[in-house]
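The values are calculated or read from the model by the stated rules, or taken from the named source; none is laboratory data. Please read these numbers as outputs of a predicted model, since none were measured by experiment. Cβ coordinates were reconstructed from backbone atoms using ideal geometry, including for glycine residues, and neighbour counts include every protein chain displayed. Note: accessible area is taken over every heavy atom of the protein model, side chains too, but ligands, DNA and RNA are not part of it. Shrake-Rupley method; radii C 1.70, N 1.55, O 1.52, S 1.80 Å.
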Amino acid sequence: MLTAIQKWQKALSEEIKARFGLELPPDEIPFTFPPKPELGDAATPVCFSLARKLKRPPQVLAQELAQTTLDGVRESRCAGGYLNLFVDRGWAIESLLGGRFVPKGWRGKTIIEHTNINPNKAAHVGHLRNAVLGDTLARCLRYLGREVEVQNYIDDTGVQVADVVVGFERILGFGPEQLEALLCIYERFATKDSQAQGPMDRLQEWLQRGGLSSPDGVFAITEALRPILADPEKSNLAYGWLVSSKGRFDSFCWELYAKVAHWYAEDDSRLKARHETLRDIEGNVEPTSTIAARVAEEMVRCHLRTMERLHVRYDVLPHESDILKSGFWQACFDKLKAAGAVHRVPDESGDKNRGCWVMALSEADGFEGLSDADKVIVRSSGTVTYIGKDMAYQLWKFGLLGRDFKYRLFPNPLYRVWRSSSTVAGADPPSFGHGESVINVIDVRQSYLQRIVREGLKLMGYKAQAEASVHFSYEMVALSRKTALELEQRKEITLCEEDRTKPFVEMSGRKGLGVQADVLLDLLEERAQEEVSGREPELPKEEADSRARLLAASALRYYMAKYDKNQVVAFDFDQALAFEGETGPYLQYACVRAENILRKAAEMGIAMPEMSGSEAVAKALGLMEPEGWGVLALFLRLPNIVQQATSSLDLHLVARHLYQAAQAFHAYYHAFPVIQEPDPQKREARLLTVLLFARLLRSSLQELLGIEVPERM
RNA sequence: GCGCCCGUAGCUCAGGUGGAUAGAGCAUCUGCCUUCUAAGCAGAGGGCCGGGGGUUCGAGUCCCUCCGGGCGCACCA
């Protein structure tokens, strides 16, 4: 289905051909929007370029083109060479309210892969940008009528998980029982803060508050942890993290993971532990493989919970371990070999890649000037690299592998989500994969690898799928210098000399450098809570909490969505914690204000206007002030904005546009009182403006940006 | 060395395929709450759009070049 502008472009293209004998494709007819609403609802400067080709003044051409009949346009005027269009308001409102965009011309689904946090530590603010962009893209595509499947890839076999397992086994001396005991504490105890007294007292208290007052439960846990508690060094470490993690297992692992990196750095020979652990995980050697699986699963649960706070959900969680166990890599490897896309570097050669299977990139477009033209796919040890697994995964996403996972439900208390499995199949999973196009949301640092995956597909003969493989590349989130120095002062992070001189500090899970997503969300909710209770002290706590959550989520989502994707976000606490100015709450507030007027009007017994169809509506629309109409007209452009945003992956366009709409409404709100307006007809027109605005903004925020609006704030 | 990205107000950023007077937010200053919630509005100051060349009716936007900064180019993911 064509949007209004596309229809106009088509009609104008035909008119230009008929009138001037000039072929001008519809999408080459530019559309802009007049700076003032009085000038019209839309405009095209096309006559400027026509003027050159036809050697006639643009004003004259615009006069002629103004004769064109355009769908929904009641008047075309020319002004200084521009062709300005005034739409029929009734038509515009009808199409806004009724016209969901019918999915024509789009068959097949789009697979979006996003989030992809290594399941070995808590999510940090960088991961939030990924998730927000991925989720916003999914929402925008669904708004346009596309079928979307959201996948969150879980790398549960890599070095990162291995490292945290090393931490549990070798630094803390944990086995499966101790891990279970720890998880049990986390499961029962989910409150945020505590001030430690004596370690054992505290543990007992936590256990009791967590509903583990049954002596057996406490006994079981303390029994399991006894060997750890007997060792002061281990028990101090674990206890410290237990406290600082504020009830979150992923936060515990965040500390543990950073500790492991430090532990390696102290003594190189300790890296042996990493390799042994990695080997045991892959070889299903107990207890290591159980610990790894348990840690990864629990971590994914933590991440799902974190993302749920931002209203981000997933359809399926493909696990890397299942890619290996289900023979995906083998099938992919066979295809690569059959196509001659990879070759083995002989053992006896002097090449540094001897014994490896490599993909030659020297012939490929866009890989010129590499220091090494060969990319290792299979290591000399016979194990496959990340890039190989990723190629197999990409093939599966397109349904090209000839294999599928089994699926079972992931143990998630929040909503139904499936995960891959190599062995156990749950009841009636939907069909996953078989995408027509695939969008991988990964930060810019992985561009090179994403290009290799595409190149691999091409070499295997899947040219169309290589074309349909999109890397949604965005810049990283770093800590602003100000924020980094603040955090260092509070002893939450440690910076090296080099970091201190840089304009911003790159985050690093390994170095424990970053701001945890949940910590930021907690801060946001706290601040929101203060604001809410400052305004309505009488509000029941539950209601206040729920409002604070919506405010915090919207502040964060808008903060992550408003920047151009190529812009490094220098994360700054002051900016991220703001609720004023260009922020999520500002958008919500516009909606709440509009709804307040409606509520008040209803309380006063003023009838709500019809929104479409009747004579009265047409009349009210005609009586709207240009400013009021200007607010609503912004929503007319929304479908085009969303379309452009999704095709260029510039999602900030959507965020900024809705901000602009909110801004326009706030100004209107102050200038045009509704309830106090004595003239009933004017009042009717204003009420209709407010009603339509409230409807449109609320649904747009929710559908496109994943921002929910509270009833009041 | 090669490749990609960024440089616009004191700070953080917008400025779709070149078009109407370069805009927002924060910060600073001045007004506006007995009038639909001030998480707001109105206004002021603040700009050689990194520098220099070009392309044309028209360049913040396109091309070349230089300068400054970031990120990639692993048998890590």
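Observations
- Accessible area of A:His127 (1.4 Å probe, protein heavy atoms only, ligands and nucleic acids ignored): about 30 Å².
- Surface composition of segment A:285-349: carbon and sulfur atoms hold 50% of the protein heavy-atom accessible area at a 1.4 Å probe.
- Across the protein chains, with a 1.4 Å probe defining accessible surface, the residues A:Ser554, A:Ser422 rank A:Ser422, A:Ser554 from largest area downward.
- Derived scalar couplings between HN and Hα for segment A:342-359 equal 10, 9, 8, 7, x, 4, 7, 5, x, 4, 5, 8, 4, x, 9, 8, 10, 9 Hz in order, rounded to whole Hz, by the Karplus curve 6.51 cos²θ - 1.76 cosθ + 1.60 (θ = phi - 60°), x for Gly and Pro.
- Solvent-accessible area, 1.4 Å probe, carbon plus sulfur percent, for segment A:560-599: 45
- Put a plus charge on the Cβ of each Lys and Arg, a minus charge on the Cβ of each Asp and Glu, and nothing anywhere else: the dipole of segment A:359-494 about its Cα centre is then about 560 debye.
- Using just its DSSP H runs of length 4 or more, each adding -39500 (n - 2.57), chain A gives a mean residue ellipticity at 222 nm of -16500 deg cm²/dmol after division by all residues.
- Of the residues A:Gly173, A:Ala138, A:Ala258, the one whose Cα sits farthest toward the positive end of the charge dipole of chain A, with +1 on the Cβ of Lys and Arg and -1 on the Cβ of Asp and Glu, is A:Ala138.
- Accessible-area ranking of A:His303, A:His311, largest first, probe 1.4 Å: A:His311, A:His303
- For A:Leu361, the residues whose amide H sits under 5 Å from its own are A:Asp374, A:Lys375, ignoring neighbours fewer than 5 places away on the same chain, with H placed 1.01 Å from N.
- Protection proxy ranking of A:32-45, A:150-163, by the mean of other Cβ atoms within 10 Å over each peptide's residues and highest first, is A:150-163, A:32-45.
- Qualifying chymotrypsin sites (Phe, Trp or Tyr not before Pro) in segment A:355-446, where qualification requires a DSSP coil assignment and no more than 13 other C-beta atoms within 10 Å, comprise A:Tyr415.
- Long-range HN-HN contacts of A:Tyr153 with modeled amide H, under 5 Å: A:His114, A:Asn116
- At an R0 of 51 angstrom, the distance between the Cβ atoms of A:Arg142 and A:Ser269 translates into a FRET efficiency of 0.45.
- A:Ser614/A:Asp404 FRET efficiency (R0 56 Å; Cβ-Cβ; nearest 0.05): 0.55
- Solvent accessible area, Å² - A:Phe219, 1.4 Å probe, full protein context: 120
- FRET efficiency, 1/(1 + (r/R0)^6) with R0 25 Å, evaluated for A:Leu449 and A:Ala338 via beta carbons: 0.60
- Counting only Cβ charges, +1 for Lys and Arg and -1 for Asp and Glu, the dipole size of chain A around its Cα centre is about 1620 debye.
- Annotation for A:Ser244 and A:Lys491: the two label points, set 7 Å from Cα along the Cα-Cβ direction, are 0.9 nm apart.
- Rounded if a/c under 1.5, otherwise prolate or oblate - chain A, Cα gyration tensor axes: oblate
- Charged-residue dipole, Cβ positions (Lys, Arg, Asp, Glu), segment A:480-596 about Cα centre, Debye nearest 20: 420
- At full extension, A:Arg226 and A:Glu475 could sit 85.0 nm farther apart than now, given 0.36 nm per residue minus the alpha carbon distance.
- Under a 5 Å amide H cut-off, with hydrogens placed 1.01 Å from N, A:Val73 pairs with A:Asp88 among residues at least 5 apart or on other chains.
- Within straight-line reach of A:Lys352, meaning a Cα separation under 20 Å, sit the following lysines at least 8 residues removed in sequence or on another chain: A:Lys375.
- DSSP assigns beta bridges within chain A; of those with both partners inside it, close to 55 percent run antiparallel.
- Kyte-Doolittle mean at least -0.5 and Cα axial length at least 24 Å: DSSP H helices in chain A: A:125-143, A:249-266, A:288-308, A:517-535, A:541-561, A:584-603, A:652-671, A:680-700
- Under the Karplus curve 6.51 cos²θ - 1.76 cosθ + 1.60, θ = phi - 60°, whole-Hz ³J(HN,Hα) for segment A:69-76, x wherever Gly or Pro sits: 7, 10, 3, x, 9, 8, 7, 10
- A probe of 1.4 angstrom, applied to the heavy atoms of all protein chains, finds A:Glu627 with accessible area near 90 square angstrom.
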